[in-house]
Amino acid sequence: MRYQKKKIDKKIVIFIPSIERGGVEKNLFFLINYLKKFYSNIYLVTSSKVSLNKNIKIIKPKSTFWFNKSRLLKSIICTIILLRFFKRNEALIISFQSNVFSIILSKIMSWPVVIRLNTAPDKYIDNFFKFFLYKILYSLPNQIIVNSLEFKKIISNTFKLNSTVIFNPILKYKKQNPKIKMLKNYGGLKIINIGRLTDQKDQLTLLKSMALILKKSHINFKLVIIGKGKNQTILNRYINENNLTKNVYLLGYKKNAFSYLSLFDLFILSSKYEGLPNALLEAQMSKVPIISSDCPTGPKEILLGGKLGILFKTGDHIDLYKKLLLFVKDKKKYKQKATLAKKYLNRFDYKKNLKKYLKIINKYI
């Protein structure tokens, strides 16, 4: 397929009420930067503080009052803003978040809508009423995008609906040389976790396994966790109560967290659920061995069922402890897996996957 060199003068609205510095947002910015080469009228509707290229029009509340509100309140105000701003104009909605609102709005306005699902439905569907509601709602968009083959199967099996797989695009970054003071001249096992400090990322399970390592083994280790979130107080309390203050460090949010990966011997993902975790892809790009929870969806697919890393039972700190011992026993074996993993990264090629978005958008504008 050939793509236009001349920019298309049609309105594209990207709907993401709450920008939260995660993998979803990283994919969003990749997509926006790519689409601006082809389309003149790209609008981002959000209730979060954000700055983008001047060619992207940001539609947000005038008051900063909304910036720190819940995702639900942000979604409501963004829906109202979008309705007012575009009531006389047709647009294509690409929804990255709060899809219920964008689907309903698209039907009111008779606009086409493409939704991107970021999380497997078992997270939010826990009764028959919700199942029935989402089955109806997810039958309404013009197209559903998911980011893994496993995710596609879940949508098909759960709702009997078709979806399109577009893997998370990854981009090669310029090599950087960050430094972490506590790792200077350190010769023990260096472990990193990157992710928001939330129940979803489940760093508490990771800390419990670290406590076991401290009590039951002679392994000398340091764990660095990069990210911020509502669970920071809980995690700090656990670190203090379990004598981990000399072993575990919470560094907070880092803009270029991926650049720290090369400093470490091991990356651990402890999530309860994911879509397709970018952090695993970035660890593979950095040739860092991986231990990951076998959560829905993504890790098993990225690690090819364990061929490219180690999987442990989701939420099971004892199993994670055992897998850590396996890694320490044969680091060379798992370093070879990490080297092999880089050969499979072509699946997540930046241009290849973003062109798939372009093909979908061209169908509806």
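Structure data summary
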item: Residue satisfying all of: in the stretch 185-203; free of Cβ contacts under 8 Å to residues at least 60 places away in the same chain and not polar (S, T, N, Q); nearest to Tyr260 (Cα to Cα) among these; result: Tyr186
item: Pairs where the first residue, in the stretch 236-256, is in contact (Cβ under 8 Å) with a residue 40 or more places away in the chain and among the aromatic types (Phe, Trp, Tyr) and the second is surrounded by 16 or more Cβ atoms within 10 Å (Cβ to Cβ) and in a strand (DSSP E or B), C-beta under 8 Å, 6+ apart; result: Tyr249/Lys222; Tyr249/Leu223; Tyr249/Val224; Tyr249/Ile225; Tyr253/Ile226; Tyr253/Gly227
item: Conditions (1) over 20 Å from the mean Cα position of the chain (by Cα); (2) modelled with pLDDT of 90 or more; number of the one not met by Phe65; result: (2)
item: Tabulated pairs, the stretch 297-313, first of a type in the set (Val, Ile, Thr), second crowded, with 18+ Cβ neighbours inside 10 Å and in a strand (DSSP E or B), C-beta under 9 angstrom, 6+ apart or interchain; result: Thr297/Val146; Ile302/Ile290; Ile302/Ser292; Ile310/Ile290; Ile310/Ile291; Ile310/Ser292
item: Top-ranked residue of the stretch 100-110 - restricted to ones that are surrounded by fewer than 17 Cβ atoms within 10 Å (Cβ to Cβ) and under 12 Å from Leu137 (Cα atoms), ranked as modelled with the lowest pLDDT; result: Lys107
item: Looking only at the stretch 183-202, and only at residues there that are among the polar types (S, T, N, Q) and closer than 22 Å to Glu20 by Cβ, the one that is nearest to the chain's Cα centre (by Cα); result: Gln200
item: Test: Ile290 is crowded, with 18+ Cβ neighbours inside 10 Å, aliphatic (A, V, I, L, M), in the same structural domain as Lys333 (by TED's automatic domain parsing) and more than 20 Å from Lys172 (Cα to Cα); result: no
item: Wholly within the stretch 264-365, helices (runs of 4 or more DSSP H) carrying at least 1 residues that are under 22 Å from the mean Cα position of the chain (by Cα) and under 20 Å from Leu117 (Cα atoms); result: 278-285, 299-302, 350-364
item: Residue within the stretch 203-210 that is under 18 Å from the mean Cα position of the chain (by Cα) and not acidic (Asp, Glu) present; result: yes
item: Complete set of residues in the stretch 57-86 that are over 17 Å from Gln97 (Cβ atoms) and β-branched (Val, Ile, Thr); result: Thr64
item: Verdict on Gln232 being more than 30 Å from Leu358 (Cα to Cα), surrounded by fewer than 19 Cβ atoms within 10 Å (Cβ to Cβ), under 25 Å from the mean Cα position of the chain (by Cα) and at pLDDT 95 or above; result: yes
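Table: residues versus (1) closer than 24 Å to Ala120 by Cα; (2) touching a Phe, Trp or Tyr at 6+ places or on another chain (Cβ under 6 Å).
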{"site": "Gly252", "(1), (2)": "no, no"}
{"site": "Phe258", "(1), (2)": "no, no"}
{"site": "Ser270", "(1), (2)": "yes, no"}
{"site": "Ile291", "(1), (2)": "yes, no"}
{"site": "Pro296", "(1), (2)": "yes, yes"}
{"site": "Thr314", "(1), (2)": "yes, no"}
{"site": "Tyr321", "(1), (2)": "no, no"}
{"site": "Asp349", "(1), (2)": "yes, no"}
{"site": "Asn362", "(1), (2)": "no, no"}
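The values are calculated or read from the model by the stated rules, or taken from the named source; none is laboratory data. Computed from a predicted model, the values in this text were never measured in an experiment. Here Cβ is always computed from backbone atoms with ideal geometry, including for glycine, and neighbour counts include all displayed protein chains.
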